[in-house]
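A short worksheet on the structure shown next.
FYI, it's all coordinate maths here, none of it is from the lab. In this text, all values refer to a predicted model and were calculated from it rather than measured experimentally. Don't worry about glycine lacking a Cβ; one is built from the backbone with ideal geometry, like all the others, and counts go over all protein chains shown.
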Amino acid sequence: MAYYRPKMADFKTLRKRDYALAILSGVLLALSFPKPQLALFSWFAFVPLLLASGQKSARKAFRLGLITGLAGYGGIIYWINIVMTTYGKLSMPVSFLLFMTLTAYLALYVALFLYLVRKGEEKGIPLLLSFPFLWVGLEYIRSFLMTGFPWASLGYSQYEILPIIQIADITGVYGVSFLLALSNVVLYQVIRGIVKRDRRFHPGWGVVFFLVLVIGATLYGFYRLNATETGKPVKVALVQGNIDQAIKWDPAFQQATITIYERLTLAAAKGGVDLVVWPESAIPFFYQDDERYAARIRTLAAGVKSPILFGSPAYDNAGGKIKYRNSAYLLAPAGNLVGRSDKIHLVPFGEYVPLAKMLPFVHKLVAGIGDFSPGTEFLPLSIAKTQIGVLVCFEGIFPEISRRYVMAGSRLLVNITNDAWYGNSSAPYQHLSMTVFRAVENRVPLVRAANTGISCVINSKGKVRDRTPIFQEASVIDQVYPGTVTTIYNRYGDIFAKFCLVVSALLAVAILIRKKHK
């Protein structure tokens, strides 16, 4: 397949109707995710795009896919501008340029996907085969290429549809993405084959295959939802301090911050709890250095007679070289330190600058401490009733990190985050939707403490409970049942996505070498 570069003249050959249908697909895709979370739309979001590209060349399909991707991902990650202008202090033109760069990168996946699908059709490869496998294969590549950005994978749009997402304990989120992609193909073929009476697109066995998969997934889902959670419950208290990001790192507000968390913790834990959780960077100073405030936290743990998990920056001095960490500390009920968990997957340009030596003119968007270094070990932290795996911030969107913690012995996942960066946008809701799958994939509960929300409890079936509003002080008191089973996903990881990737590679080879179908 020769390298293809779209030309402006090529875009002029597309009709206004084609543009409108491609944009409509992007809008439907964006609306499928929080907010407004119109999850049904993702089952047919790509149908307009397929109708627009169905009679076009692969090159024109590429352009239409690019338009859909720009409209869709632009509507999903618009909040990037809030981060860059409000906290990165970038001008709006520069922020918009960077936003469009990221959006274009994500849109390229849709463009390449549709190019391959149409090229495959030209070579006689059935749409029912190419569409779902290529979509999942490329979605999986996006999850790790260039450090990975699996934000808004298609399956996440269904996070509230509990019967459908239970298959994630076998396939991960990619199994749900596969069903949605297949649905789009079948509906498209129904329209072409029945409404337009085009015999070449009669759905036939494709409808049967789709219905069998959806019914099978739904029945499995209800079977899992009816399973009883067993074991000794763990009572947790989640504390949402709602500290304004503009003052969070100002030393003048350190005492006020500690006072807020003391007050909320004393109220939440007064009846006795097994674990208190504060958000990421709840302590805006080095816990290991500031004895004045560290002593207050130890006294608080002893006062409520409960372990306290809290986020704080940390550092290690190895051979005279300082390495900063984004960490979580766990104190025992007596106030002594039990352990520390360091963030492993850092945010590029937020917590470090990739290729910093080659890009000396690029600075972090997040002010404060110097570049962080990643943690190196998936070490569970122990409380009396179970072991916990700590996911710091957007580590919750990476399935492999949660899986590794559970494989290491964690039976409860804790996500501590600070989503204040996103403002009053869709991002906190999108972030939450992805962590739901981490609970289902591993059949362990996940509790979430966020600085400004959303804090909540997610049981092992993906049910979100006690959801707090954003930008309010709040606390959550609930109990969870630590996981007791090993799932297929937990044991084998993204084996389904890797299978789809292998099939995608074989399809790509077939597209390259196969003669045009007549």
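Observations
- Take every pair of alpha-carbon atoms less than 8 Å apart whose residues are at least six positions apart; their mean separation over the length of the stretch 424-518 yields a relative contact order of 21 percent.
- Put simply, the amide H of Val277, placed in the peptide plane, has neighbours under 5 Å in Ala237, Leu238, Val239, Leu309, leaving out anything fewer than 5 places away on its chain.
- FRET efficiency for Arg296 and Met92, using Cβ-Cβ distance with R0 set to 30 Å, rounded to 0.05: 0.10
- Across the chain, counting alpha-carbon atoms alone, Rg and Dmax equal 24.2, 79 Å.
- Between the stretch 233-281 and the stretch 486-514, the Cα center-to-center distance that results, in Å: 44 Å
- For the stretch 14-131, the fraction of alpha-carbon pairs in successive 5 Å shells from zero, as %: 2, 13, 19, 20, 18, 13, 8, 4, 2, 1, 0
- Per-residue 3J(HN,Hα) values for the stretch 177-183, derived from phi via the Karplus relation 6.51 cos²θ - 1.76 cosθ + 1.60 with θ = phi - 60°, read 4, 4, 4, 5, 5, 5, 4 Hz in sequence order (x marks Gly and Pro).
- Within the chain: Cβ-based charge dipole about Cα centre, in debye rounded to nearest 20 (Lys, Arg +1; Asp, Glu -1): 2200 debye
- With Cα atoms as the point set, the stretch 67-136 shows a radius of gyration and Dmax of 16.3, 52 Å.
- For the stretch 419-433, 3J(HN,Hα) per residue [Karplus equation, 6.51 cos²θ - 1.76 cosθ + 1.60, θ = phi - 60°, Hz, x = Gly/Pro]: 8, 4, 4, 7, x, 8, 10, 7, 4, x, 6, 5, 4, 4, 4
- Each principal axis of the Cα cloud of the stretch 143-288 was evaluated for its coordinate range; sorted largest first, these ranges are 73, 39, 27 Å.
- Cα gyration tensor of the stretch 115-191 - equivalent ellipsoid semi-axes, whole Å, descending: 23, 17, 9
- Extension gain for Gln55-Phe286 works out to 77.0 nm (0.36 nm per residue, less the C-alpha to C-alpha distance).
- P(r) tail, the stretch 418-518: Cα-Cα pairs separated by more than 19 Å, 59% of all pairs.
- Nearest-ten-degree value, helix 291-304 long axis tilted from longest Cα axis of the chain: 90 degrees
- At R0 = 25 Å, FRET efficiency that the Cβ-Cβ distance of Glu229 and Ala267 yields, to 0.05: 0.35
- Taking one quarter of the surface of the convex hull spanned by the alpha-carbon atoms of the stretch 199-266 gives a direction-averaged projected area of 11.2 nm².
- For Leu391, nonlocal amide neighbours, meaning residues 5 or more places apart or on other chains whose placed amide H falls under 5 Å from its own, are Val414, Asn415, Ile416.
- FRET E, pair Ala510, Thr484, Förster distance 35 Å, beta-carbon r, rounded to 0.05: 0.20
- Across the alpha-carbon atoms of the stretch 402-474, the computed radius of gyration and Dmax are 12.2, 36 angstrom.
- For the stretch 210-336, radius of gyration divided by Kirkwood radius, i.e. Rg to Rh on alpha-carbons: 1.18
- Here each label is just a point 7 Å from Cα along the line to Cβ, and for Thr147 and Thr101 those points are 1.3 nm apart.
- Phi-based couplings in Hz for the stretch 61-70 (Karplus 6.51, -1.76, 1.60; Gly and Pro marked x): 4, 4, 5, 5, x, 5, 5, 4, x, 5
- Built amide H within the under 5 Å cut-off of Tyr315, gap 5+: Arg325
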